[in-house]
Amino acid sequence: MNRTEKKDAIAGLNQAFQDSDLVIVTHNNGLNATQTDALRRATRAAGINAKVAKNRLAQIAIKGTNFEGLSDMLKGPTVLLFGKDLIECAKTAANFSKDNPSFVLVGGVHGKETLDVAKLQTLASLPSMDQLRGKLVGLIQAPAAQLARLAQAYADKG
């Protein structure tokens, strides 16, 4: 890379850091082209931007952002996952790492909070918003349904 390409890469990374609420750092130790395409498809479907960047350029780009806690994680062959939805990003990264052992979660930052691998795995195991809404609707409907069954049983008896 020449100097102008490096400046452009740093500016692009800095913009990605500023546009994101969450960044997850992963190591891709030996992903082949098919696996990399599958990763890009999975992240794109979840609304996540996956970038492979040189660690030194990423360290320069994170200066002055909320993601300065990532600098210790930027070692080795890294893939940065930029996103807005914390749960969806964690689920996508964890599911891909289950299927591909050479794709390893390292950590991440959400806001100013640093997330380790255990926190990311915990977030990945949480139910989605749609599942939570369904449970809430079920809880709200349960007493009314029980009352209706009771009234029907009383009517059938009498």
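The values are calculated or read from the model by the stated rules, or taken from the named source; none is laboratory data. A quick note: this is a predicted structure, and the numbers were derived from the prediction, not measured. A quick note on method: Cβ atoms are made from the backbone with ideal geometry, for glycine too, and the neighbour counts reach across all protein chains shown.
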> Looking only at region 70-93, which residues are more than 22 Å from Leu126 (Cβ to Cβ) and surrounded by fewer than 18 Cβ atoms within 10 Å (Cβ to Cβ)?
Replying inline: Ser71, Asp72, Lys75, Gly76, Pro77
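Before we move on, is Ala9 crowded, with 16+ Cβ neighbours inside 10 Å, out of contact with any strand residue (DSSP E or B) (no Cβ under 6 Å at 6 or more places or on another chain) and more than 16 Å from Leu86 (Cα to Cα)?
Details: crowded, with 16+ Cβ neighbours inside 10 Å: yes; out of contact with any strand residue (DSSP E or B) (no Cβ under 6 Å at 6 or more places or on another chain): yes; more than 16 Å from Leu86 (Cα to Cα): yes.
Answer is yes for this residue.
Here is a yes/no grid of residues against (1) among the acidic types (Asp, Glu); (2) assigned to a loop (DSSP other than H, G, I, E, B):
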{"residue": "Leu81", "(1), (2)": "no, no"}
{"residue": "Ile87", "(1), (2)": "no, no"}
{"residue": "Ala94", "(1), (2)": "no, no"}
{"residue": "Pro101", "(1), (2)": "no, yes"}
{"residue": "Asp130", "(1), (2)": "yes, no"}
{"residue": "Ile140", "(1), (2)": "no, no"}
{"residue": "Leu147", "(1), (2)": "no, no"}
> Any residue in region 106-120 that is buried (at least 16 other Cβ atoms within 10 Å of the Cβ), outside any strand (DSSP E or B) and touching a residue at least 60 places away in the same chain (Cβ under 8 Å)?
Replying inline: yes
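Check Thr114, Thr34 and return the single one that is hydroxyl-bearing (Ser, Thr, Tyr), at pLDDT below 90 and over 30 Å from Gln131 (Cβ atoms).
Going through Thr114, Thr34 in turn, just one is hydroxyl-bearing (Ser, Thr, Tyr), at pLDDT below 90 and over 30 Å from Gln131 (Cβ atoms): Thr34.
Mind checking whether some residue in region 50-64 is within 26 Å of Leu132 (Cβ to Cβ), at pLDDT below 90 and not aromatic (Phe, Trp, Tyr)?
If we filter region 50-64 for residues that are within 26 Å of Leu132 (Cβ to Cβ), which is where we start, we get none.
No, there is no match, as no residue in region 50-64 is within 26 Å of Leu132 (Cβ to Cβ), at pLDDT below 90 and not aromatic (Phe, Trp, Tyr).
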> Within the set of pairs 6+ apart or on separate chains, which have a first residue in region 57-80 that is more than 19 Å from Asn29 (Cα to Cα), a second that is among the hydroxyl-bearing types (Ser, Thr, Tyr) and part of a strand (DSSP E or B), and C-beta atoms under 6 Å apart?
Replying inline: Gly69/Thr114
